[in-house]
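To start, the structure itself, in C-alpha cells.
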Amino acid sequence: MWKKWFSKKNVSVSQNSQANQALADAGPVPRHIAVIMDGNGRWARQKGCPRTFGHRAGAETLREIVKAASEIGVEVLSAYAFSTENWKRPAEEVSFLMRLFSDYLDNEINELDENNVKIRFIGNIGGLSLVLQNKIAKAQQQTAGNTGMVLNLAVNYGGRAEITQAVCQLAEKVQAGQMRPDEITEELIGNHLYTSGLPDPDLLIRPSGDCRISNFLLWQLAYTEFWLTDIQWPDFTPAHLLEAIQDFQRRDRRFGGLNKSK
C-alpha cells in the first residue's frame, strides 16, 4: 500500500513494516485518532502569504497523514475540516475552502479507494452546495465496500448541533410512541450521532498551540487522550504522528476507575 508515498519519503516498505511492528510491540495503537487541523492561516501569514496558501498546504499535510495512519494500523482517522462556525469567515476564504474540498475529492478519491480506505463525511452535508453534496455522495458510495481505515472528514460540523440533532430524533420517536423516555441510553444516543458504528477517539491531536476542542466531537471525546503541540498543521509530519502515538502508549488510561496495579 501507498508505494508512491514510500518512494517519495525514501522509506522502503520493509523498513516501514519493521517500524510499525516496533510501534505495536510498544503498546496499543489508537484505534481512532481525531485531528483538529489548526494553524493553516497563521502558517501562511508567517510566510507573508494569503491564508488560502496555508489551507492548500494543510490539505497536502492531510494527504500524508492519512497514508501514514493507514500504514500504522489506525482504524479510524477523523479530521476537522470545516466547522459550523467557519461560515463567519470572509466569503472569499469560505469559497476557497469549498473548492478545496471539491478538488480533494477529485484528486484523492481514486487513490484512497485503491488503498482500501473508506471515506465518510460527518456534519450537516445538506448545508453545502448541491455540486459538493453530489461529489460527497459519490465518494462515499465508491469506497463504501472498503475494509481498511475509515477517514471521517468533518465538514459543516458542530458538536452541539450533532447532539441536538440526535436528541431531536429520539424525541420524535418518543412522541410517535415508538419508545419510552426511560429507554434512552448512552448507547442509543451514540447510535444517532454522525459517528454511529465507530469507536470513540482514543487520541485527539491538536496542533498550533491552542488548548480547546472547538466544538469537535463533544460527546465522543469523553475519555479521549489529548496531544497538543505548537507545530502548525502544514508543518505536521508522519514523524509527529508517530510521536503522538508513542506518547499515547505511555498514558495510563483508567476511564474514571483505578489502575489495578496501584
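Let me confirm something: among GLU172, GLU108, GLU114, which residue is surrounded by fewer than 19 Cβ atoms within 10 Å (Cβ to Cβ) and either of a type in the set (Ser, Thr, Tyr) or in contact with a helix residue (DSSP H, G or I) (Cβ under 7 Å, 6 or more places away or on another chain) (or both)?
Details: GLU172 fails: either of a type in the set (Ser, Thr, Tyr) or in contact with a helix residue (DSSP H, G or I) (Cβ under 7 Å, 6 or more places away or on another chain) (or both); GLU114 fails: either of a type in the set (Ser, Thr, Tyr) or in contact with a helix residue (DSSP H, G or I) (Cβ under 7 Å, 6 or more places away or on another chain) (or both).
Sole residue among the options that is surrounded by fewer than 19 Cβ atoms within 10 Å (Cβ to Cβ) and either of a type in the set (Ser, Thr, Tyr) or in contact with a helix residue (DSSP H, G or I) (Cβ under 7 Å, 6 or more places away or on another chain) (or both): GLU108.
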Residues in the stretch 153-169 that are touching a Leu at 6+ places or on another chain (Cβ under 7 Å) and over 21 Å from LYS88 (Cα atoms): how many? 2
Is there a residue in the stretch 201-212 that is modelled with pLDDT of 95 or more, within 22 Å of ILE125 (Cα to Cα) and under 14 Å from the mean Cα position of the chain (by Cα)? yes
In this structure, is LEU204 in a loop (DSSP other than H, G, I, E, B), hydrophobic (A, V, I, L, M, F, W, C), touching a residue at least 40 places away in the same chain (Cβ under 8 Å) and closer than 30 Å to THR52 by Cα? no
State which residue pairs qualify: first residue farther than 17 Å from ARG160 by Cβ and inside the stretch 122-134, second residue open to solvent by less than 70 Å² (accessible area, probe 1.4 Å) and among the aromatic types (Phe, Trp, Tyr) in any location, beta carbons under 7 Å apart, and separation of 6 or more residues or different chains. LEU132/PHE101
ILE125 versus (1) open to solvent by 70 Å² or more (accessible area, probe 1.4 Å); (2) in contact with a helix residue (DSSP H, G or I) (Cβ under 8 Å, 6 or more places away or on another chain): which is the lone unmet condition? (1)
Does LEU151 meet the test of being open to solvent by less than 70 Å² (accessible area, probe 1.4 Å) and under 18 Å from the mean Cα position of the chain (by Cα)? yes
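Just give me the residues in the stretch 56-75 being within 15 Å of ILE231 (Cα to Cα) and more than 16 Å from the chain's Cα centre (by Cα), in sequence order. Spell out how you get there, then give the answer.
Keep residues of the stretch 56-75 that are within 15 Å of ILE231 (Cα to Cα), which gives 57-58, 61-62, 65.
Result: ALA57, single match.
The values are calculated or read from the model by the stated rules, or taken from the named source; none is laboratory data. Only a predicted model underlies this, so the values are computations on that prediction, with no experimental measurement involved. Note: ideal-geometry Cβ built from the backbone for every residue, glycine included; neighbour counts use all protein chains shown. Protein only, heavy atoms only, side chains kept; ligands, DNA and RNA dropped before computing areas. Shrake-Rupley method; radii C 1.70, N 1.55, O 1.52, S 1.80 Å.
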